[in-house]
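Read through the structure below, which is laid out as structure tokens, and then see the notes.
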Amino acid sequence: MPTIRYVAADGSLTELDADDGSTVMQVATAHGLRGISADCGGACRCATCHVYVDAAWADRLPPLDVDEDAMLESTAAPRLAGSRLSCQLPMSAALDGIVVRLPERQ
């Protein structure tokens, strides 16, 4: 079972186990993790599940598609090189231990 490491804006760390195929957003919301609103429920329509993925994981992520790229232009926090929507990041063994940083606001 892969693990996700969520780092809040204040630096606190929460580690959660994920089922294969569940998204980084689904795991966070299922556990009531603060910092990921997911207003659209994972439909890639709201950008309230914005996270910053550490650069060490970038080459293991699915490619950024056109819809996600467009939604990242409307995030409440600044878009950075590691910006992704957590609803678009399905978990697998290849992502075991992934570190995602939560922005100060969604």
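Every number here is computed from the coordinates shown, using simple stated rules; none is lab data. A quick note: this is a predicted structure, and the numbers were derived from the prediction, not measured. Neighbour counts are summed over all protein chains in view; Cβ atoms, including those assigned to glycine, are modelled from backbone coordinates with ideal geometry.
Miscellaneous remarks
- Residue list for the range 1-47, restricted to those being small (Gly, Ala, Ser), over 14 Å from Arg101 (Cβ atoms) and out of contact with any strand residue (DSSP E or B) (no Cβ under 6 Å at 6 or more places or on another chain): Ser22, Ala30, Gly32, Ser37, Ala38, Gly41, Gly42, Ala43, Ala47
- Tallying residues that are surrounded by fewer than 13 Cβ atoms within 10 Å (Cβ to Cβ) and among the charged types (D, E, K, R) within the range 3-19 yields 3.
- Verdict on Ala47 being buried (at least 20 other Cβ atoms within 10 Å of the Cβ), part of a loop (DSSP other than H, G, I, E, B), touching a residue at least 12 places away in the same chain (Cβ under 8 Å) and not aromatic (Phe, Trp, Tyr): yes
- In the range 6-31, residue farthest from the chain's Cα centre (by Cα) [restricted to those that are more than 16 Å from Ser92 (Cα to Cα) and in a helix (DSSP H, G or I)]: Ala30
- Residues of the range 68-92 that are touching a Phe, Trp or Tyr at 6+ places or on another chain (Cβ under 8 Å) and of a type in the set (Ser, Thr, Tyr): Ser83 alone.
- Single residue of the range 52-106 satisfying the filter (surrounded by 11 or more Cβ atoms within 10 Å (Cβ to Cβ), touching a residue at least 40 places away in the same chain (Cβ under 8 Å) and in a helix (DSSP H, G or I)) that is farthest from the chain's Cα centre (by Cα): Ala56
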